[in-house]
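Take a look at this one; I'll ask things after.
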Amino acid sequence: MQDVLSFDVDHLVTIEPATRLYDLFGPEIRVNSRHHQSIKDLGDGLIVTARAPDGVIEAAEHRELSIDLVQWYPELLLRKNDDMRCLFESFVRRCRDPK
């Protein structure tokens, strides 16, 4: 039986320049989002860092704090290849030194 949450890549997301996500992936990346809910209103200090072609917010980051949010499943994509490894490595680095 196949996982309900597949590692298959579904669609592109466009990444905003001058963001941590852009530094990791460049202007776009293919992701495997399976959400039926999405961000409507950003919380205080958050900015949009990536959107799906239909305009749905797929990622955000905090302006000052070392917080990144993604709406896809990077851990499942690691089953397929190492493309998302840099996201986890960045998280670990910032946990060690959040400045």
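Can you give me the relative contact order of the chain as a percent, contacts being Cα pairs under 8 Å and 6 or more apart?
25 percent
Something else now. Sorted by accessible area with a 1.4 angstrom probe, largest first, how do 67, 57 fall?
67, 57
Bin all alpha-carbon pair distances of the chain at 5 Å intervals from 0 and give each bin's fraction as a whole percent.
2, 12, 24, 25, 21, 11, 4, 1, 0
What value, in deg cm²/dmol to 500, does the helix sum -39500 (n - 2.57) over DSSP H runs of n ≥ 4 give at 222 nm once divided by the residues of the chain? Walk me through the numbers on the way to the answer.
On the way: 3 runs with 22 residues, N = 99.
Using -39500 (n - 2.57) per qualifying helix, the result is -5500 deg cm²/dmol.
Right, next: First obtain the Kirkwood hydrodynamic radius of the stretch 60-99 from its Cα pairs, then insert it into the Stokes-Einstein equation at 4 °C and 1.567 mPa s, and state the resulting D in µm² per second as a whole number.
Calculated translational D: 117 µm²/s.
The values are calculated or read from the model by the stated rules, or taken from the named source; none is laboratory data. Small disclaimer: the values here were computed from a predicted structure and weren't measured. For the accessible areas, the whole protein counts, side chains as well, though only heavy atoms, and no ligand, DNA or RNA atoms are used. Shrake-Rupley method; radii C 1.70, N 1.55, O 1.52, S 1.80 Å.
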